[in-house]
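The values are calculated or read from the model by the stated rules, or taken from the named source; none is laboratory data. These numbers were taken from a predicted model, which means no experiment stands behind them. So basically every Cβ, Gly included, is an ideal-geometry build from the backbone, and we count neighbours across all protein chains shown. For accessibility, only protein heavy atoms count, side chains too; no ligands or nucleic acids. Shrake-Rupley method; radii C 1.70, N 1.55, O 1.52, S 1.80 Å.
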Amino acid sequence: TNKDYSSAYRYFNEAVEISRRIGMVEITMLAYGHLTDVDVATGNYKRALEHFKLHKACSDSIYTTENQNSINEMEAKYQAEKKQQEIEILNQEKALESMKNRVLVGGVILLLLFLGAVFVALISRIRDNKLLTSKNAEIQHQHEEIQLQATRLAAANHEITLQKDLIE
């Protein structure tokens, strides 16, 4: 009946006002859709077209908002994945740098150990050479002593042989 349509029309208009005030676009869209139905049922096609356009605008707004939310969500996910990849790359670079530093420190330690061993060998060789030189000098001195004693003994032997020949 006509009275039912006017009550419905009034309630749907209130629903539009309240839902717009609180920002519930979905409810506003539904209320405009019902207002379109009431207008068509009462033969008010001009108003039905206006309400249908408003219903469509709300529907487009929801669709656009949902698409924008979806785009924003995908963008946020992409940025998060990109940041994660950057973090992983930085962690890999840090690990590589750390490994390089450890290899470098190890190389320096090995080089120092090698140089230390060469230094110890050199010092040992110098000490051994000094000892050999000292021993050679001592042997040379003893050789000269022995030569001197041999010369003295030969002279004494010659002297004894002469005295023996004189006695005979």
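Figures for the structure shown
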{"quantity": "Relative contact order %, the chain, counting alpha carbon pairs below 8 Å whose residues are six or more apart", "calculated": "12"}
{"quantity": "Compactness of the chain - radius of gyration and Dmax, Cα, Å", "calculated": "58.0, 185"}
{"quantity": "For the chain, accessible area per residue (1.4 Å probe, heavy atoms of protein chains only), Å²", "calculated": "84"}
{"quantity": "For segment 105-118, 3J(HN,Hα) per residue [Karplus equation, 6.51 cos²θ - 1.76 cosθ + 1.60, θ = phi - 60°, Hz, x = Gly/Pro]", "calculated": "4, x, x, 5, 4, 4, 4, 5, 5, 4, 4, x, 5, 4"}
{"quantity": "Computed [θ] at 222 nm, deg cm²/dmol, the chain (DSSP H ≥ 4; -39,500 (n - 2.57); rounded to nearest 500)", "calculated": "-36500 deg cm²/dmol"}
{"quantity": "Candidate residues Ser7, Ser134: accessible-area rank, largest first, probe 1.4 Å", "calculated": "Ser134, Ser7"}
{"quantity": "Charge sum, other residues only, whose C-beta stays under 14 Å from Leu54's C-beta, Lys/Arg counted +1 and Asp/Glu -1", "calculated": "-1"}
{"quantity": "Pair Ala95, Ser59: separation of 7 Å Cα→Cβ label points (nm)", "calculated": "5.4"}
{"quantity": "Net charge over other residues, Cβ less than 14 angstrom from the Cβ of Gln79 (K, R count +1; D, E count -1)", "calculated": "-1"}
{"quantity": "Packing-based order for 111-121, 14-24, using average beta carbon neighbours within 10 Å, highest first", "calculated": "14-24, 111-121"}
{"quantity": "Whole-Hz ³J(HN,Hα) from phi, Karplus 6.51 cos²θ - 1.76 cosθ + 1.60, for segment 74-83, glycine and proline x", "calculated": "5, 4, 5, 5, 4, 5, 5, 5, 4, 4"}
{"quantity": "Cα convex hull volume per residue for segment 74-120 (Å³)", "calculated": "23"}
{"quantity": "Most mobile listed residue (Ile62, Ile139, Ile89) in the chain, GNM with C-alpha springs under 10 Å", "calculated": "Ile139"}
{"quantity": "Within the accessible area of the chain (1.4 Å probe), percent carbon and sulfur", "calculated": "62"}
